[in-house]
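Only one structure is covered here, and it is reproduced in the block below.
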Amino acid sequence: MERYELLVCCGTGSYGSCYKVRDKRDPGTVWCVKAFKEAHTDSTALRHAMRETKLLQALKHPNIVHLQEAYRTESQRIYLV
């Protein structure tokens, strides 16, 4: 998450937390980042994260959020922007 400045936690659920962040390369751009809690250690959580990522990549609809990027950190944590 080096590219983003954390602004506020928007909510936390069973599989992760969502954060409002600012893009450090483009300070006028604000994103929502979903950080998966245990996808790096739990195979079931990893399957859920991968399924959500694939669905968001495939779906294009005005009422569904656009997936800007998905990445895994060196510690293997998964983030969706």
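Taken as a whole, the condition of being free of Cβ contacts under 8 Å to residues at least 24 places away in the same chain and touching a strand residue (DSSP E or B) at 6+ places or on another chain (Cβ under 8 Å) applies to Leu7.
Scanning region 27-81 for residues that are part of a loop (DSSP other than H, G, I, E, B) and in contact (Cβ under 8 Å) with a residue 60 or more places away in the chain, we see that the one that is farthest from Thr12 (Cα to Cα) is Thr73. All of Arg47, Arg51, Arg22 fail the test of being at pLDDT 90 or above and open to solvent by 80 Å² or more (accessible area, probe 1.4 Å), apart from Arg51. Across region 1-19, the qualifying residues are those that are among the charged types (D, E, K, R) and outside any strand (DSSP E or B), and the one among them that is least open to solvent (accessible area, probe 1.4 Å) is Arg3. Only residues that are closer than 19 Å to Arg3 by Cβ, crowded, with 16+ Cβ neighbours inside 10 Å and of a type in the set (Gly, Ala, Ser) were counted across region 25-44, and they come to 1.
The values are calculated or read from the model by the stated rules, or taken from the named source; none is laboratory data. Model, not experiment: these values are computed from the prediction. Ideal geometry is used to build each Cβ from the backbone, glycine not excepted, and the neighbour counts take in all protein chains shown. When the accessible area is computed, the model is the full protein with side chains, heavy atoms only, and any ligands, DNA or RNA have been set aside. Shrake-Rupley method; radii C 1.70, N 1.55, O 1.52, S 1.80 Å.
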